[in-house]
Amino acid sequence: MAVVLRGIGRSLPWRVVPNDEAAIRSGTDDEWIRSHTGIVSRYFAGEGETTASLGAGACREALERPLLGPPFKAVSAEEVNLVICATATPEYSNFPATACIIQAQIGAKNAAAFDVASACTGFINGLAIADSLLRRNRWRYALVCGAETLSRILDMTDRNTCVLFGDGAGAMLLENLAVGEAPQPAKDQRRGIGEIIMGADGTGSRDLYCERGGCMIMDGRAVYTFAIRVIPDIIRKLMQRENLGMENVDLFVCHQANERILLSVEKRLGIPKGKMVYNIARCGNTSSASIPLAFYALSEKGSLRAGQTIVTAGFGAGLTWGGCVIRF
């Protein structure tokens, strides 16, 4: 039986930071940022806005807001069996897990809760873990969120990082159709999360890192080179495993790290125009939140519909990577 994506939620800080403001101390300007990254603005968390509060806001909405539209029955927080928070900027430096704080804030008192720490790949890894645990334990509902307050670990004089990253949270509600519903028709058996790829190469751990109590450090060239190699490889492998041609994939939703990376992947794979999703301009790179925020934007525009096949791929600090096929 399928584990399907049911709900979607988003929580963005109130403060919008345009390029001109982000560039003040970094020795760059709006034109350079746009041309090198595709970013126009990003959100920075303010007083009272934390990784947990943003994650909780996204999770609350995901319980009530359909990903595809009606029919959709809102799910109460007490029905949720699992809360996973993917984050590179947890609420506390050591423990407890940010997911536990989110669980308490939304009232998901019957849910197990833990964090995933694989940076920008975190949401993909969270989906994979949730898919497995829902099946293994015959649980019905899981919330997977990516939540970040990256602005709090940025050196605003370092243009390699300060103009790229932003804050925000996105969440999805997953449902295991083997629990609580009548058997699905044969034509629906392949709905939901399909093939999954995950990997890591720890030899690249110093290409993107943050010391305890310090600021983010990134070797931009090394990360770019890694991304334009690994993302096409993930997509090729997923399509091969699922026997998909370009004509069978409706959308490619990749980690929104840099517009140049997405353009390079699009060109290398010969992805038809309009199939690669771009959502970086207004939000910047939100790390683990970028993929669910991209799905939220698609849902908001009415661009998601039953019968679609979507390929996702992400990469991040570690260095880590992952991707999956999703069918609606």
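The values are calculated or read from the model by the stated rules, or taken from the named source; none is laboratory data. These figures come from a predicted structure and were not determined experimentally. Please note: Cβ atoms are built from the backbone with ideal geometry, for glycine as well, and neighbour counts cover all protein chains shown.
Here are a few things to note about the model shown:
- Annotation: of all residues in region 97-131 being polar (S, T, N, Q) and under 13 Å from Asn81 (Cβ atoms), the one that is nearest to the chain's Cα centre (by Cα) is Gln103.
- Selection from region 29-76 of residues that are in contact with a Cys (Cβ under 9 Å, 6 or more places away or on another chain) and more than 19 Å from Met172 (Cα to Cα): Ile39, Ser41, Arg42, Tyr43
- The number of residues in region 301-328 that are touching a residue at least 24 places away in the same chain (Cβ under 8 Å), more than 25 Å from Asp207 (Cα to Cα) and not polar (S, T, N, Q) comes to 10.
- When we screen Ile8, Ile24, Ile39 for residues that are modelled with pLDDT under 95 and either at negative phi or in contact with a helix residue (DSSP H, G or I) (Cβ under 9 Å, 6 or more places away or on another chain) (or both), the only hit is Ile24.
- Residues of region 76-85 that are in a loop (DSSP other than H, G, I, E, B) and closer than 21 Å to Ala128 by Cα: Val80, Asn81.
- Test: residue in region 39-54 that is closer than 27 Å to Met198 by Cβ, surrounded by 24 or more Cβ atoms within 10 Å (Cβ to Cβ), among the small types (Gly, Ala, Ser) and in contact with an Asp or Glu (Cβ under 7 Å, 6 or more places away or on another chain): yes
- The residues on offer are Ser53, Ser26, and the sole one that is under 13 Å from Cys145 (Cβ atoms), among the small types (Gly, Ala, Ser) and either assigned by TED's automatic domain parsing to the domain that holds Ala128 or not in a strand (DSSP E or B) (or both) is Ser53.
- Looking across Ser290, Ser303, one residue alone is of a type in the set (Gly, Ala, Ser), assigned to a helix (DSSP H, G or I) and not assigned by TED's automatic domain parsing to the domain that holds Gly168. It is Ser290.
- Checking Ile235 against (1) within 30 Å of Ala45 (Cα to Cα); (2) of a type in the set (Val, Ile, Thr); (3) in a helix (DSSP H, G or I), the condition it does not meet: (1)
- Whether a residue is surrounded by 15 or more Cβ atoms within 10 Å (Cβ to Cβ) and farther than 23 Å from Ala257 by Cβ was assessed, and Arg65 passes this test.
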